[in-house]
Amino acid sequence: MLPNLIHRPGRRLGHTLVRHGNRYVSASSLPSPAALNDFGKHHVTKGLARISEGVMARGQGSYVEYLDGKKLLDFTCGIGVTNLGHSHPKVSKAAADQCMSIVHVQCSIAFHEPYLRLIEKLLPAMPHPSLDSFFFWNSGSEAVEGAIKMARTLTGRQNIITMQGAYHGRTFGAMAVTKSKTVYSDGVAPLMPGVFSIPYPFWHQHRLPPSTPPSVLTEECLYQLHLLLSQQTSPKDTAAIIVEPVLGEGGYVPAPKEFLEGLRAVCDQHGILLIVDEVQSGFGRTGNWFFIEESGVKPDILLMAKGLANGFPLSGVVSRKELTDKLVPGSMGGTYAGNAVSCAAACAVADAFQEENIMANVEARSQQLFASLNALKDDQTLAQYILDVRGRGLMVAMEFASSEAPGAAFDPATPKGLTVKKGIASRVAKKCIEKGMLLLTTSVYEVVRFIPPLNISQEDMKKGCEIFAESLREVVRES
């Protein structure tokens, strides 16, 4: 019998009792993993969503294990966080060693060594040599908040231009520049004012087919940007343009080089700051330290998080010293900003990238993954269900056809003579979990995303591709 999970305060600090049958027992002595899972369902806010049942207990490399004993191949990496796999020994040891030295040095009180050593290690990895001034925070959303604040402060302007389909976070400023799904801001209006959006070079947003050349998509977007600056937000009122060079929650869509160059040109013309959000696409995820390197475009502000510390909470806001020297001391900060343990872990991450030839593995495993997904796309029994395979490095997506996607009646990508009900991506992801692999969906379209560890082995990549192919075929048959 599972416990009736009614909270009752214990007599000792930290001692929580739950009803089990006719008596109260300590939550720490719940009789089974299922009981602990039910305890979580009762006491953890409903505002958090989960893709799997159970309590995750351990992680090692490319695998996670639950309390009930099930072991799953992890193609999510905690949404692109554990880029070096779970419990990487060098990273974990660096964090543990730092815990025995000093854990918390508040950034407004003094420097700490891991903070400064991390800057030293990151400087050579920056996509442009002008990026030489660092501020570390805790999360991607906080980094976005900091960038918006900096842009408004440094330019004396208020407006921010973001991208349709963008995801930048759930805190208030970040939520305002997020345009990927309404779920993040339902019921909390009015949002932060002064935010405007333009289309991203993603064929869906322009009612064009997946085969549309990048140059055509770029022209459409830059035309809309120039129109926006003429009709809605004057350049003299516009502080920044914020862009994900690979659209994340919007569908895993890499931006064409010419689009990023066009944004840079507009910013240079009008004194607007270009904020490049590489929270998900950075730290080797796309095969370079940062995806923006492919274009050669210089960010005015670069944002990083997720893979930066391989699971320890840490984000970064990087800019030019000539800009950040204009900030008033004390205007930036945070109680836990740039935590010493997280910074020590991030130093070990940077070392591991150099010592373990991570980028070469990303290239090899990316080729393996794309070959497998494109083979499915070319399979005549599946082809009509697959719209697109896209991405870069090990930030990869497959999009499925749907008869019920947003604006399906007007979208040329909507299948003709084939009914594909909403939720095929979720059904495929669920089937993968049943077969032993964690996989996530993304965007308002039917998209699954592949975010395996960057050091995943050839064998584990093969296993993951086989699980996915088997799951997809079963879902198609059931459909």
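General observations
- Inter-part distance where segment 235-265 and segment 103-118 are each reduced to a Cα centre, Å: 33 Å
- Residues listed by number, segment 426-443, amide nitrogen under 16 Å from GLU474 label point at 7 Å toward C-beta: 426-440
- Long hydrophobic helices in the chain: the complete DSSP H runs spanning 18 Å or more by Cα along their own axis with mean Kyte-Doolittle hydropathy of at least -1.0 are 140-155, 214-231, 257-270, 340-355, 358-378, 458-478.
- Nearest-10 value in Å² for the accessible area of ASP378, using the 1.4 Å probe: 110 Å²
- FRET efficiency, 1/(1 + (r/R0)^6) with R0 25 Å, evaluated for LEU123 and SER331 via beta carbons: 0.60
- Per-residue ellipticity at 222 nm from helix content only, as computed over the chain with -39500 (n - 2.57) for each DSSP H run of at least four residues, stands at -10500 deg cm²/dmol.
- Ranked packing of 90-98, 141-149, most packed first, by mean Cβ within 10 Å: 141-149, 90-98
- If you plug the beta carbon distance of GLU459 and LYS257 into 1/(1 + (r/R0)^6) with R0 = 35 Å, you get a FRET efficiency near 0.50.
- Value in Å of the Kirkwood radius, where the chain supplies the Cα pairs that are averaged: 23.8 Å
- Surrounding net charge for ALA174, when Lys and Arg each add one and Asp and Glu each subtract one, Cβ distance under 11 Å: -2
- Once you reduce segment 131-153 and segment 350-411 to the center of their Cα atoms, the two points are 31 Å from each other.
- Formal net charge of residues neighbouring PRO452 (Cβ-Cβ distance under 9 Å; K, R +1; D, E -1): -1
- Cα-based shape type of segment 230-372, given that a ≥ b ≥ c are square roots of the gyration tensor eigenvalues and the cut on a/c is 1.5: oblate
- Amide H contacts under 5 Å for PHE196, placed H, 5+ residues apart: ILE160, ILE161, THR162
- Point-to-point label distance, ALA110-LYS70, nm (Cα→Cβ direction, 7 Å offset): 4.9 nm
- Percent of beta bridges antiparallel (DSSP, the chain, rounded to nearest 5): 70 percent
- Put ILE467, ILE109 in order of accessible area, highest first, and with a 1.4 Å probe you get ILE109, ILE467.
- Surrounding net charge for GLU142, when Lys and Arg each add one and Asp and Glu each subtract one, Cβ distance under 12 Å: +1
- Mean Cβ neighbour count within 10 Å, used as a protection proxy, ranking 234-245, 439-450 highest first: 439-450, 234-245
The values are calculated or read from the model by the stated rules, or taken from the named source; none is laboratory data. Predicted model only: the values in this text are computed from it and were never measured. Ideal geometry is used to build each Cβ from the backbone, glycine not excepted, and the neighbour counts take in all protein chains shown. These area figures cover heavy atoms from the full protein model, side chains too; ligands, DNA and RNA do not enter into them. Shrake-Rupley method; radii C 1.70, N 1.55, O 1.52, S 1.80 Å.
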